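Step one of this worksheet: look at the structure below.
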Amino acid sequence: MSAHTSVFAKKRSEANTTCPRESGPAGITAASWSNPEQARTALTKPGLSKISFMTHSGNSLVAHIYRPSHFDSVNGPIWFVMHGIKRNADYYVDAAAPVAERYQALTIVIEFSRQYYPASEDYTLGISSSGRAGSRAKREGRYLKPDAYLYNEIERVFEAVRQVIGGNQHGYYLFGHSAGAQFTHRMLTFVPCARALNAIAANAGWYTMPIEDNRKKFDMPYSLRGSPAESLNLKALLSAPLTLLLGTHDIKGPDEDRNVRNTPATMSQGINRMARGHHYFETGQSLARSLDTPFSWQLVLAPGAEHDVLQLIASAGYLMFASPKEPICSSSTAAEAGKLVFNEILLDPPNDTKSGDANRDGVFQPNEEQFIEIVNASNIPVCLAGWTLEGKEQTGKHLFPLSQALAPGKALIVFNGGIPTGDFGSSFVQRATSANGLRLDSRGDILTLRDAKGQIAKQFSWGNCGGMTCSTDYWNGNLQLKSSLARWPDADGPWRIHSEVTKIPMSPGFKNNGDHW
């Protein structure tokens, strides 16, 4: 168990002695795989796969799996990722895979399909046998027994996965975005003995407030009034390892985004997702004070992030899996980062898997192999959280996630796609946060690095510069080279064609002579 989770576990045990954490909620048994042999293959073979299982109620659901290249079956982290309202589990596992590979976390995205859960609240509020959760459901006896709550499918699948891989994990990690964030915070509300070691709810549209709201008369699901009281343990909820991760640019209200619910109950929580996240956190904090109980929640802002899982999931991975000795850095300004250098750029890889697979994921896709390498040539750390990297097509923008600062003399690589695999010389490795990558034009474009406030920190252009004004740092030719363009010597030398200088086409994450940074 990591140092992060041991602190959370101590606080939870102080507040909630009725939960045997390692055994989880009472009455929970392992899920049944539809095809046990297929499940064994999917969970033990590296890469992407799918497996089916039967829920407690008899529904057949699909779990999308990513097993990293060097996952430790006995003690490695198991990470559940909850999809949004579109039920696009395939999109979410693809978004999670590069992060999972960095931290060697076995990733599971259960697809709660509309076939069985047609309404959004059938997915995010799975505590009633039919109809909406609320006082009426309580009066009519429509609340399920706690072991039948939909949230417990996470517990069942966790137990089934451990059995297949021979795991000794005491708990799992949980991340939900949008509707998945609603699922996540309600799971901790209604399953107080959940074995979540760390849970992150990112950009939920609205919340079930941890109070009985008699003053405003807001019923379940907006408050706990009319909830199944026997499943509630507010002290366990308040001491749960919950982080609210909020994008600072997720500020559209109901008039701009129809998925931001516009009812008196939701508007009382705030005008947009960010405001509602703050309100939920502050309500929990106030309640913990009044109950004189430990409060373990955290509120973390992701600078520049909108309502897009691609802009948040790497930050979530860092918060969950990075060492506590690597605190989140505070964004540097362009003026503080004057010696950041574009050191290597590849837009046209060699046409074969052996020499052209830049991201080393074993699949050659020319667009996905493209990368930008940035080096900190200064003598001070530089924090890129909330910075952006873009070409002339600003729809292909990369948002740098929360992380530790880039140390002096170290490199960072942004790949256009794929699942970057390996250590890349211990350099920082990220995948572009735009669904279609950076969309750079090898014939001519201008690459711009901006700080979190939008100030230009660095530019590099080539060819016809995409019809824009060329930058001072300029290559007088296109980048259709079957090789990267690299500085020689590294960091302060002129641009050279990598294969002409070193006889190899590229060196992402390493110095151009092959040495470590």
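Quick notes
- In the stretch 176-255, the convex hull through the Cα atoms has an average projected area of 6.0 nm², a quarter of its surface area.
- Given their separation in residues at 0.36 nm each and the Cα-Cα distance between them, Asn478 and Gln115 gain 125.7 nm when the chain is fully extended.
- Between the beta carbons of Thr469 and Thr248, assuming R0 = 22 Å, the FRET efficiency works out to 0.15 to the nearest 0.05.
- In the stretch 151-259, trypsin sites (Lys or Arg not before Pro) in a DSSP loop with at most 15 other beta-carbon atoms within 10 Å: Arg215, Lys216, Lys217, Arg258
- Helices in the chain, meaning DSSP H runs of at least 4 residues, each add -39500 (n - 2.57). Divided by all residues, the mean residue ellipticity at 222 nm is -6500 deg cm²/dmol.
- Given R0 = 56 Å, the distance between the Cβ atoms of His70 and Ala275 translates into a calculated FRET efficiency of 0.85.
- Taking 0.36 nm per residue of sequence separation and removing the Cα-Cα distance, the Asn379/Ser355 pair yields an extension gain of 5.2 nm.
- Sum of side-chain charges, Gly396 neighbourhood, beta-carbon under 11 Å (Lys, Arg +1; Asp, Glu -1): -1
- His307 accessible area, assembled protein chains, probe 1.4 Å, Å²: 60
- Greater than 19 Å apart at Cα, pairs in Lys145/Lys235; Lys86/Lys397; Lys138/Lys217; Lys354/Lys503; Lys392/Lys458; Lys86/Lys145: Lys145/Lys235; Lys86/Lys397; Lys86/Lys145
- Beta bridges assigned by DSSP with both partners in the chain are antiparallel in approximately 60 percent of cases.
- Summary value for the chain: 11 percent relative contact order, contacts being C-alpha pairs under 8 angstrom separated by 6+ residues.
- Counted by Cβ distance under 12 Å from Asp122, the other residues give a net charge of +2, where Lys and Arg count +1 and Asp and Glu count -1.
- Computed FRET value (nearest 0.05) for Asn436 with Gln104, which takes r as the C-beta separation and R₀ as 41 Å: 0.90
- Accessible-area composition of the stretch 419-461, carbon plus sulfur, in percent [1.4 Å probe]: 39
- Solvent-accessible area of Asp515 with every protein chain in place, 1.4 Å probe, in Å² to the nearest 10: 80
- Heavy-atom surface analysis with a 1.4 Å probe gives the stretch 232-368 a carbon and sulfur content of 49 percent of its accessible area.
- Alpha-carbon centroid distance for the pair the stretch 83-136 / the stretch 261-281, whole angstrom: 22
- Relative contact order computed over the stretch 313-425 (Cα-Cα under 8 Å; 6+ residues apart), in percent: 32
- Figure note: Phe510, Phe112 ranked by solvent-accessible area, largest first, 1.4 Å probe, ligands and nucleic acids not counted: Phe510, Phe112.
- In plain terms, the chain from Asp90 to Gln38 could stretch by 16.9 nm, reckoned as 0.36 nm per residue minus the Cα-Cα distance.
- Neighbours of Phe364, meaning other residues whose beta-carbon lies under 14 angstrom from its beta-carbon, give a summed charge of -3 when Lys and Arg score +1 and Asp and Glu score -1.
- Classification of the chain by its C-alpha gyration tensor yields a prolate form. The axis ratio a/c (a ≥ b ≥ c) is 1.5 or more, and a/b outweighs b/c.
- Per-residue packing, averaged as other Cβ atoms within 10 Å, sorts the ranges 203-211, 501-509 into the order 203-211, 501-509, beginning with the highest.
- For the set Glu282, Glu111, Glu500, solvent exposure ranked by accessible area (probe 1.4 Å, protein chains only) runs largest to smallest as Glu500, Glu282, Glu111.
- The Cα-based radius of gyration of the stretch 369-517, divided by its Kirkwood radius, gives an Rg/Rh of 0.93.
- Directionally averaged shadow of the stretch 59-104, computed from the convex hull of its alpha-carbon atoms, nm²: 3.9
The values are calculated or read from the model by the stated rules, or taken from the named source; none is laboratory data. Just so it is clear, the model here is predicted, and its values are computed rather than measured. Using ideal geometry, Cβ is built from the backbone for each residue, glycine included, and neighbour counts are taken over all protein chains shown. Just the protein is used for accessible areas: all its heavy atoms, side chains included, with ligands, DNA and RNA removed. Shrake-Rupley method; radii C 1.70, N 1.55, O 1.52, S 1.80 Å.
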